[in-house]
Each structure stands twice: as C-alpha cells, then as structure tokens.
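Student: What follows is a single structure, and I will ask about it in a moment.
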Amino acid sequence: MIRITNYLEKKLQEIGIYNLKELDEIGFIQAFSLIKNKFPSVTFNLLYELFCLLNNISFSDLTKEMKQKLIIEYKKQPPQYAMPDSILIEKYLNCALELAMIAYEEQEIPIGAVIVYNNQIIGQGYNQTRQYNDILAHAEIQAIRKAQEYLGNFRLNQCDLFVTVEPCVMCSGAIINSRIKRVVFGANEPKTGACISQYKIFENKAVNSHCQQIGPINQHKYGQLMQDFFRGKKSTNPLNT
C-alpha cells in the first residue's frame, strides 16, 4: 500500500479532502486542479503523486510517457476553483431564497439568483416570466443583466452565481457565454436541470469557456418552494425552517 506523504496530506486537507475515499470520489485530476488553484507554485510532481496514490503504484514506476499523458489529461479539464466557504455559500443562497419567496408570492415559479463579485452582490433576480410575458425573464438571466450593467461589461469572468435551483439549458448557456466563473445551486431540478439532471452542459470540454458547478447544496431547503408551488400549497418561509 502506497503511503501518503505529509506534504500531500497537508495540501489535500487545505482543499477539504481528509481521506482516500474522498479523494477517490473527487478524482486525482480535480484534486490537483483545486490544489493548483490555491497554491499556483505546485508542480506536476503532485499530480503524479496523486495518481500513484489512487492507483497504488510506486512513483518510480511512472514512465515519461505516462507522465506526459497525465499532463495532457489535466490540461483538457475545465478549471477548478477552491470551494467557497460554507458560511458564504449559505449566506448567498439564502439571499437567493429570499428572492425566490418574492417570486412565489407573485405566483411566479419560485427561483431566485444573485451574482457575487469581490464578496459583493452586484446582480440579483427572480423569475418574472409571467409578469413580463417574457420566457427570457428567468432568475439567472435577470441577475446576469444587472451584473453586466453594474460592471459595464458583458463578461463576468470573476463572478459567482448563486441560484436556488439548478439552471435550465437556456440559463446555463447564458452563464457560459457571460464567462461566469462558478455556479452554486441549492437544489437540483430533475425535469429541466442542465447541470446534472437532464444534461451536463458544464462538463462539455469542447466549448471555449468553462464554468465550475457546485451543488445541490440542500435539496430539501432550496427545493421546497418549487414543490409547494407546483402542488398548489401555501408555503412557509424556508429560511425559518
């Protein structure tokens, strides 16, 4: 059994991985991407070490050709960013949830979204398709438009989008084209979700821009409004549950 070095163990802990099971679930390439993002000076030796650890082979057994293949595979992957602090995730998703409650009260499909830049909300929105008679008026699109107006730029490269429910195909396309860095969603949407449920748009390696996805964070908390809406039930504020 290959033993993990203290150096690698500390680096993995920095990105929230504490055992081999967690490493196996995330994969050695994504783990290296997260470490590289947090510590830009790390070399590809760490990638090789992660590969050896998961495959239980000695570092000395890696050939030059194997190392080159690992580098090529790594460079094919979309960029990975360090996970936001869990407190910040809850904070911004709760802001989005408050917007979703407004949509619910206005008899709109209850989804809310906020866009964050430098720890500041610069765009927000909720579904208003019925109010505006506009199929484009999804929460994410509303938030993107306001963020672009705020920055004076249609590119949102350094922005994160927090949305209560997994984006659809249309919104996922807008997220990619606006160059949003990362999308965090509270609950999945089994019928129309384009991140993990019906499609996996953000995993398409052929597109020229990539967005990291994180979610679902809490299916019950952030999906309850949707269930209540489509069942015609009166809903309580999920923030109070």
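The values are calculated or read from the model by the stated rules, or taken from the named source; none is laboratory data. Every value quoted in this text rests on a predicted model; they were computed, and no experiment measured them. All Cβ positions, even for glycine, are placed from backbone atoms using ideal geometry, and neighbour counts span all protein chains on display. Note: areas computed on protein heavy atoms with side chains; ligands, DNA, RNA excluded. Shrake-Rupley method; radii C 1.70, N 1.55, O 1.52, S 1.80 Å.
Student: Helix 44-55 versus the longest principal axis of the chain: what is the Cα-based angle in degrees, 0 to 90, to the nearest 10?
Tutor: 90
Student: Non-local amide H neighbours of Thr164 (under 5 Å, H modeled in plane, Pro and chain starts lacking H): which ones?
Tutor: Under 5 Å from the amide H of Thr164: Gly112, Gly186.
Student: Another question, if that's okay. Could you tell me what percent of the accessible area of the chain is made up of carbon and sulfur, with a 1.4 Å probe and every protein chain present?
Tutor: The C+S portion of the solvent-accessible surface of the chain is 49 percent.
Student: If the limit is 19 Å between Cα atoms, which of Lys21/Lys181; Lys36/Lys76; Lys75/Lys205; Lys11/Lys76; Lys75/Lys181; Lys38/Lys64 go over it?
Tutor: From the list (Lys21/Lys181; Lys36/Lys76; Lys75/Lys205; Lys11/Lys76; Lys75/Lys181; Lys38/Lys64), the Cα-Cα distance tops 19 Å for Lys21/Lys181; Lys11/Lys76; Lys38/Lys64.
Student: Volume per residue, Å³, of the convex hull around the alpha-carbon atoms of the range 158-197?
Tutor: So the per-residue Cα hull volume is 50 Å³.
Student: Further question: For His138, what accessible area in Å² do you get when you roll a 1.4 Å probe over the heavy atoms of the protein chains, rounding to the nearest 10?
Tutor: Number for this one is 40 Å².
Student: If you don't mind, there's one more thing I want to ask. Let me know the Kirkwood hydrodynamic radius for the chain, please, with Cα pairs as the basis and the value in Å to one decimal.
Tutor: 19.3
Student: So if R0 is 22 Å, what FRET efficiency would Tyr18 and Asp61 give, r being the distance between their Cβ atoms, rounded to the nearest 0.05?
Tutor: Once rounded, the FRET efficiency stands at 0.25.
Student: Calculate for the chain the 222 nm mean residue ellipticity that helices alone would give, adding -39,500 (n - 2.57) per DSSP H run of length 4 or more and normalising by residue count, nearest 500 deg cm²/dmol.
Tutor: Theoretical 222 nm ellipticity from helices: -14000 deg cm²/dmol.
Student: Excluding Tyr117 itself, what net charge comes from residues whose Cβ is under 14 Å from its Cβ, given Lys and Arg +1 and Asp and Glu -1?
Tutor: With Lys, Arg at +1 and Asp, Glu at -1, the net is +3.
Student: Based on the Cβ-Cβ distance from Arg155 to Asp85, what FRET efficiency comes out when R0 is 30 Å, to the nearest 0.05?
Tutor: Efficiency, rounded to the nearest 0.05: 0.75.
Student: How far is it, in nm, from the label point at Ser209 to the one at Leu136 when both lie 7 Å from their Cα along the line to the Cβ?
Tutor: My value for the distance between the label points is 1.6 nm.
Student: How about Lys91: which aspartates and glutamates have a C-alpha closer than 18 Å to its C-alpha, ignoring those fewer than 8 places off in the same chain?
Tutor: Glu140, Asp160, Glu166
Student: In the Gaussian network model of the chain, springs joining C-alpha atoms below 10 Å, which of Glu22, Glu65, Glu73 carries the largest mean-square fluctuation?
Tutor: So, out of Glu22, Glu65, Glu73, the one fluctuating most is Glu65.
Student: Using only Cα atoms and rounding to the nearest 10 degrees, what angle (0 to 90) does helix 139-151 make with the longest principal axis of the chain?
Tutor: Roughly 80 degrees between the two axes.
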